[in-house]
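The values are calculated or read from the model by the stated rules, or taken from the named source; none is laboratory data. Every value quoted in this text rests on a predicted model; they were computed, and no experiment measured them. Note: ideal-geometry Cβ built from the backbone for every residue, glycine included; neighbour counts use all protein chains shown. Areas reflect the complete protein model, heavy atoms only, side chains present, ligands, DNA and RNA absent. Shrake-Rupley method; radii C 1.70, N 1.55, O 1.52, S 1.80 Å.
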Amino acid sequence: MAAEKKEKIILDVAYQPQVRTNRDTRSLMLDVIIALIPTLAVTIWQYGFHPLLVVLVSMASACFFEWGYRKLMKKDCRVGDLSALVTGMLLAMTLPTSVPVWLPVIGSFFAIVVVKQLYGGIGKNFLNPALAGRAFLLASYAGIMGRWQLPNAMKGIDAVSSATPLSYMYGDSALPAWLNMKSMFLGTIPGCIGELSALALLIGGIYLIARKVISWRIPVSFVGSVALVTLICGKAGYGHFEWMVDNVLAGGLLLGAFFMATDYVTSPVTLNGQLLFGCGCGLLTVLIRYFGGFPEGVSYAILIMNLCTWAIDKAFRRYPFGATKEDIAADKAERKAARGAAK
């Protein structure tokens, strides 16, 4: 009997550690898309199919720009890993429900080409592409980005449709009775496509944690730090607990905590570093909300902390598997001596 032919396996030891897993980039990105479906469903329920069109155009343009850039640069096509689809979808989630369909095309170009591909593609960008695209659109089209629409559930009442809950909370006007905890939890409020329903975002976030796509550390430390600081600081006209709950439910805090700040490339890999990263995002969010020119601070807080990721990981340095206490102590002493010599 002829000997059975065995498949030749080539192991490149240049990449460490050698871990076997059934998960790849495509499966992870698919889980993120699935986790965003409840939020998108609530938005369609409240605003009709225009937000869905915005999301689809954003996803399609993100894929096109990634394919086109890599084709132009004669690089292998990476559209199949679904990362461009997720970038386009997340970008659309940060846009108001009434934006024209051409706006996400411009944002996708900036996110994919400028922020992602010019720095080497997936795994090499130092900023979250979707948030960078939103920041670019907010700076370039502030009028369109600040135009809000009233949801279907609120069209029968006498209310101003040009303000989100955060606009009221950090403005001179008191929060109207129809903008309460229940409406923010269920999603019957004005806002961006992906920030309406806290319930839908929690369902998606828990799904990602259960699927082990993300860790609990960044979302919990992010939301927890915002809750703690706003509970302590409060604001005139609001009870401390009410103010804290409103800050957690309103705006893009839950969207940013579960879907943006947890980006693998732009967040720390060390466990303690993730906790520090989340706390930093939360503190900056509160700082921008209290003293910034915009009532929302989640996007800029995450982008600022993205720039600090390398320093956080360096501060919480990991050691090789099997390192003894003596090895770690010797390494710390060597690093301390090196810092002393540098001074």
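How far is helix 50-72 tilted off the main Cα axis of the chain, in degrees rounded to 10, range 0 to 90? For 50-72 against the chain, the angle is about 30 degrees.
The amide H of ASN180, built 1.01 Å from its N in the peptide plane, has no neighbour under 5 Å, considering only residues 5 or more places off or on other chains.
Axis of helix 240-249 versus longest Cα principal axis of the chain: the two differ by about 60°, to the nearest ten degrees.
Peptides 179-191, 123-135 ordered by packing proxy, namely the average of other Cβ atoms within 10 Å per residue, highest first: 123-135, 179-191. Between the range 165-186 and the range 248-264, what is the separation of their alpha carbon centroids in Å? Answer, in whole Å: 19.
Applying a threshold of 28 Å to the alpha-carbon distances of LYS116/LYS332; LYS212/LYS336; LYS124/LYS212; LYS212/LYS314 flags LYS116/LYS332; LYS212/LYS336 as lying beyond it.
Taking a spot 7 Å from the Cα of VAL101 along the direction of its beta carbon, which residues of the range 44-58 have an amide N less than 13 Å from it? Counting only backbone N, you get 49-58.
Maximal additional length on extending the VAL220-TRP178 stretch stands at 12.3 nm, based on 0.36 nm per residue less the C-alpha distance. Annotation: peptides 35-41, 256-262, ranked by per-residue average of other Cβ atoms within 10 Å with the highest first, follow the order 256-262, 35-41. Estimated at 0.36 nm per residue, the fully extended path between LEU287 and LEU271 surpasses their Cα-Cα distance by 3.3 nm. A straight chain from PHE241 to ALA311 at 0.36 nm per residue would run longer than the Cα-Cα distance by 21.7 nm.
Across the protein chains, with a 1.4 Å probe defining accessible surface, the residues LYS71, LYS332 rank LYS71, LYS332 from largest area downward. For the range 197-205, putting each phi into the Karplus relation 6.51 cos²θ - 1.76 cosθ + 1.60 with θ = phi - 60° gives couplings of 9, 5, 4, 5, 5, 5, 4, x, x Hz, in residue order, rounded to whole numbers and with x for Gly and Pro. Taking a point 7 Å from the Cα of ILE206 along the Cα-to-Cβ direction, the residues of the range 234-267 with backbone N closer than 17 Å to it are 249, 254-255, 258-259.
Judged by the mean number of other Cβ atoms found within 10 Å, the most tightly packed of the peptides 104-113, 50-59 leads the ranking 104-113, 50-59.
Compactness ratio for the range 61-203: Cα radius of gyration over 2.2 N^0.38 Å (N = residue count) comes to 1.22. Using θ = phi - 60° in the Karplus curve 6.51 cos²θ - 1.76 cosθ + 1.60, the 3J(HN,Hα) couplings for the range 226-234 round to 5, 4, 5, 5, 5, 5, 6, 6, x Hz; x is entered for Gly and Pro.
Shape summary: the range 25-315 maps onto an equivalent ellipsoid whose semi-axes, from the alpha-carbon gyration tensor, are 29, 23, 16 Å in decreasing order.
Rolling a 1.4 Å probe across all protein chains gives TRP102 an accessible area of roughly 120 Å².
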